[in-house]
Structure formats: structure tokens, C-alpha cells
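The values are calculated or read from the model by the stated rules, or taken from the named source; none is laboratory data. As the structure is a computational prediction, the values presented were derived from the model and not from experiment. Here Cβ is always computed from backbone atoms with ideal geometry, including for glycine, and neighbour counts include all displayed protein chains. When the accessible area is computed, the model is the full protein with side chains, heavy atoms only, and any ligands, DNA or RNA have been set aside. Shrake-Rupley method; radii C 1.70, N 1.55, O 1.52, S 1.80 Å.
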Amino acid sequence: MEADPRFAEFVAQRGDALLRYGYVLAGNPHDAADLVQEALLKLRGAWPRLRSKENPESYARTTMARLHIAAWRRRRRELLAWDLPESEHHDPLPSGDERRMWQALAGLPRKQRAVLVLRYYEQLDDAEIAAVLGISRGTVRSQASRALGKLRDAVPAEPMARGPMTRGPMTRGNVR
């Protein structure tokens with residue numbers, strides 16, 4: 001197979017973004033790196049067919065999502081931990097509610113986490129998510145609803161401060 005400089009350029013430009021996407025999907029840096037590596041291997045094999053397409057990153061991200069789903073279908077169980085990486089880390093670790101949110105996201109079942117990542121990180125609609133994950137649109141909606149409920153329970157919202165404009169709960173009749 002001849003070397004294509006456009007593939008190397010793509011990897012150099014978008015590799016970090018794919019790794020971040022993998023981290024959001026998998027919940028840990030090791031599985032994220034594995035997802036990126038496997039997706040780039042598949043992308044390299046399909047590169048001659050993709051030359052005319054404008055967005056090879058879409059192929060890579062779809063491949064990563066499918067690989068992630070295939071892995072949890074095989075394992076059905078995973079252990080996620082909130083441990084610091086062994087190497088130097090430059091980003092500040094989240095604290096408080098943000099950390100609880102990340103922990104709650106990591107604690108979701110893989111399908112629910114994948115649905116939320118595809119919906120809110122990738123901004124795909126229900127039909128696109130269903131196609132990527134190989135499930136029905138109704139399953140996408142139910143998994144998203146369950147996942148959001150678990151996240152709301154894990155990190156409750158702060159009560160709204162009552163200002164001079166309201167009396168009691170904010171309902172149509174109570175707003176002056």
C-alpha cells in the first residue's frame with residue numbers, strides 16, 4: 001500500500017480531537033487511545049475509497065462509536081475509575097459539581113453514555129444516533145431519558161433563587 005501524505009496530514013491535524021472524542025465515549029484514556037488506534041487503522045484501509053469525500057473525520061468518529069458499542073456488547077461489564085493518569089496532566093481536574101457530573105457520566109451504562117455523547121457532543125439527531133448504534137429511534141430516546149434522569153439524580157440542580165419578581169413556585173399565576 002503506497003503512503004498517502006494526506007492521511008498523515010489528517011492524523012496530525014485531527015488526532016487530538018479524535019482522542020478527546022474517544023475519551024468522552026470510553027470514559028478513560030486507555031480505552032480512548034485504543035478506539036482511536038483501531039479507527040485509524042480502519043480509516044487507513046478505507047482511505048483510497050474516501051479520497052473524494054470531504055470529511056474523513058466523520059468516518060473515523062462513526063467507526064469509533066461502533067467499535068465502542070461492539071466492545072461493550074462483548075464485555076457487558078466495565079470498571080471505570082477516577083484515577084489520575086500516570087503521566088503529567090496539564091488540564092485542571094474538575095471539582096465539585098463538575099467532577100460529580102463526570103463521575104455520573106462514567107457510571108452510566110455504555111449504551112446510555114454513547115447516546116448522550118452522540119446527542120450532545122456530536123450533536124446528532126435521534127435517527128443518526130440510531131443508525132450509528134444499530135438501535136431504534138425509540139431506544140435512543142428511552143436511553144437518553146434514563147441517562148439524563150440518572151445524571152439529574154447524581155448532580156441535583158441548585159434551587160432557583162427567589163427574587164422580588166416571584167411569590168412561591170414560578171408558575172404563570174405567581175409571576176407579577
Problem set entry | Residue count, segment 108-121 (criterion: loosely packed, with under 15 Cβ neighbours inside 10 Å and among the small types (Gly, Ala, Ser)) | 0
For this session: State the number of residues belonging to segment 1-28 that are open to solvent by 100 Å² or more (accessible area, probe 1.4 Å) and in a loop (DSSP other than H, G, I, E, B).
Result: 2
Exercise. When both residues are 6+ apart or on different chains and their Cβ atoms are under 9 Å apart, which pairs have a first residue that lies in segment 1-23 and is in contact (Cβ under 8 Å) with a residue 24 or more places away in the chain, and a second that is assigned to a helix (DSSP H, G or I) and open to solvent by 80 Å² or more (accessible area, probe 1.4 Å)?
Worked result: TYR21/TYR121
For this session: Could you tell me which numbered condition ARG74 fails, if it satisfies all but one of (1) assigned to a helix (DSSP H, G or I); (2) at pLDDT below 90; (3) in contact with a helix residue (DSSP H, G or I) (Cβ under 9 Å, 6 or more places away or on another chain)?
Result: (3)
Seminar exercise, completed: The lone condition ALA154 fails out of (1) modelled with pLDDT of 90 or more; (2) open to solvent by less than 100 Å² (accessible area, probe 1.4 Å); (3) in contact with a helix residue (DSSP H, G or I) (Cβ under 6 Å, 6 or more places away or on another chain) is (1)
